[in-house]
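Have a look at the structure below, then the notes.
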Amino acid sequence: MIGERRAVKVVVRKSGIHGDGLFAAEEIPWGTKIIEYKGERIPDDIALARIAEGADSIFELGANANIDGSSRGNEARYANHRRRNPNAFILRDKGRIWLVAGIEGIAKGEEITFDYGSTFYPR
């Protein structure tokens, strides 16, 4: 079941965690690919320059490959960070980045969160 892909309904609205957030508009079973993280594909030097200017929606894809979700991106960039008990995780698969529902699944109306990792938020 992990990696199942179907159309999943999500909405962006104000978050109790930070700014806007991504919310499940329906129940999402565990292992379901919720949404692909889309955006402009950029090399490391451009990613580092944008980060220095305050960009916060850049995702490392691989060697010298990054996705800037704030440039030609989609709603996936609104998924907020939660270190304890996130309900989703990231799957890098064939040059794409997916937000995937965690083992508990995600209830309708629940904010979709994942752990951004220690590089973004040091412990």
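Does region 22-60 hold any residues that are free of Cβ contacts under 8 Å to residues at least 24 places away in the same chain and in a strand (DSSP E or B), and which are they? If the condition is that a residue be free of Cβ contacts under 8 Å to residues at least 24 places away in the same chain and in a strand (DSSP E or B), then Ile58, Glu60 are the ones that fit. For Ile28, indicate whether it is over 18 Å from Tyr116 (Cβ atoms), modelled with pLDDT of 95 or more and among the aliphatic types (A, V, I, L, M). Yes: the conditions hold for Ile28. Could you check, for region 72-90, whether at least one of its residues is within 19 Å of Gly117 (Cβ to Cβ) and of a type in the set (Asp, Glu)? No, that holds for no residue. I'm checking my understanding of the structure. Among residues of region 38-64 that are within 15 Å of Arg96 (Cβ to Cβ) and modelled with pLDDT of 95 or more, which one is surrounded by the most Cβ atoms within 10 Å (Cβ to Cβ)? Ranking the qualifying residues of region 38-64, first place goes to Gly39. Step by step: first the residues of region 65-99, then only those that are small (Gly, Ala, Ser) and under 14 Å from Ile34 (Cβ atoms), then the one that is surrounded by the fewest Cβ atoms within 10 Å (Cβ to Cβ). Which residue is that? Restricting to residues being small (Gly, Ala, Ser) and under 14 Å from Ile34 (Cβ atoms), the top hit is Ala76.
Which residue, of Gly69, Gly21, Gly54, is closer than 21 Å to Arg92 by Cα and not β-branched (Val, Ile, Thr)? On inspection, the qualifying residue turns out to be Gly69.
The values are calculated or read from the model by the stated rules, or taken from the named source; none is laboratory data. This is a predicted model, so every value here is computed, not measured. In this analysis, Cβ positions are derived from the backbone assuming ideal geometry, glycine residues included, and neighbour counts consider all displayed protein chains.
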